[in-house]
Structures are given as structure tokens and as C-alpha cells.
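Take a look at the structure set out below.
The values are calculated or read from the model by the stated rules, or taken from the named source; none is laboratory data. From a predicted model like this one, the values you see are computed outputs, not experimental measurements. Note that each Cβ is placed from the backbone with ideal geometry, even for glycine, and that neighbours are counted across all protein chains shown. Accessible surface areas use protein heavy atoms only, side chains included; no ligands, DNA or RNA. Shrake-Rupley method; radii C 1.70, N 1.55, O 1.52, S 1.80 Å.
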Amino acid sequence: MNKYSKSRQQIFSGKEISSTQKLTISGITMALYVVLMFFTQGFAFGQFQIRIATSLYALSAIYPFLIVPLGLSNLLSNMIMGGLGLPDIVGGFMVGIITTSLIYLIKKYRFNDWFMALPIILGPGLIVPIWLTYLINVPYTLLAFSITIGQIIPGVVGVVLVKQLRDKIK
């Protein structure tokens, strides 16, 4: 077995990923998140906020080191495309960290994969309205309902993504 094969085998078996490989995976994931947000911003920032990019949060079940990069991805996309200022930028970062951390815990404690959809749906759905209520002057209950409904699709897509990728990259 040559050096390249061994390195590739380690990546796909889930063993020993180097710092360089983690940085590369993190950078690609962050770029993918921001690009997805850019191309879906027409409905990602609407009343129901269907943020397909948040499906990528589920990747923290495979690679826990993506928790912070995925939070930063949300921060970047809110900074570039959000337009609601510092509370939304910082809040988006925190929601990303909380959501991906919960997904990691679901994987760590070996719950059914479908439970990963819950943080993707409920994290943004229940936390984001806390500051959006004040920023856009819409009642919390209405915002929570609409954002939660919008996150159902990304929640399901995130679970399917992990189910499809887990055996291929780990």
C-alpha cells in the first residue's frame, strides 16, 4: 500500500485526520454554505426562511470539528446577505454553534439519525425569532412558526445527507 492510499484510507475510515485536512474540509464546507446561501437567498431570507445551507449543519455528526466553521459560515452569510446588522450576525453564529453542537451530541449518544433534524428545525426556528422580533417588529410566535416551518426541508435534507455520506467518507 503506497503513502497516498494509506492517507486516503485514514480519511475515509474516520481515523486520524490531520490539521491540514481539517482546515481543508472546513474551508470547503464554509464555502459551500455561503454559496448555497447566495443561490437560495430569494427564499432563505423570506417569511419561511427555507435555508437549504443549514442542511450542512448535519455534517457535524460526521466531522465534529465543523461545529465552529459552520457557525462562522452562518455569520458570514448573514454579514454578506442578511442586512439586519450585528444582532443577526452574532445571533446567527450562536445558532450555528448551538445547532451543530446538538447534532454532535445526538451522534455521540447514538440516537436515531432522524433526531438530527430536530436541532436543524428547532434551533433556528425558536432562537432566531428572539432578536428578529425586535429587528423587524413581528411577534415572536409568528416568526417562530414561520421559521420552524421553513426549516423542515433543511432538517430532512441534512439527515439524508449524513445517511448518504457517512459510509462513503468515514
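Selection over segment 38-53 of residues that are at pLDDT 95 or above and within 14 Å of the chain's Cα centre (by Cα) gives a count of 2. So for segment 101-111 (the condition being out of contact with any helix residue (DSSP H, G or I) (no Cβ under 6 Å at 6 or more places or on another chain), modelled with pLDDT under 95 and part of a loop (DSSP other than H, G, I, E, B)), does at least one residue qualify? For segment 101-111, residues out of contact with any helix residue (DSSP H, G or I) (no Cβ under 6 Å at 6 or more places or on another chain), modelled with pLDDT under 95 and part of a loop (DSSP other than H, G, I, E, B): absent. Note on segment 70-108: residues that are under 9 Å from the mean Cα position of the chain (by Cα) and within 16 Å of K22 (Cα to Cα) amount to 3. Scanning segment 65-97 for residues that are surrounded by 15 or more Cβ atoms within 10 Å (Cβ to Cβ) and not in a helix (DSSP H, G or I) yields one hit, L84. Could you please let me know if Y104 is of a type outside the set (A, V, I, L, M) and surrounded by 15 or more Cβ atoms within 10 Å (Cβ to Cβ)? Considered against the rule, which asks whether it is of a type outside the set (A, V, I, L, M) and surrounded by 15 or more Cβ atoms within 10 Å (Cβ to Cβ), Y104 comes out as yes.
Of everything in segment 46-64 that is over 17 Å from I152 (Cα atoms) and part of a loop (DSSP other than H, G, I, E, B), the residue that is most open to solvent (accessible area, probe 1.4 Å) is Y63. T133 meets each of the listed conditions (1) surrounded by 15 or more Cβ atoms within 10 Å (Cβ to Cβ); (2) in contact (Cβ under 8 Å) with a residue 40 or more places away in the chain apart from (2).
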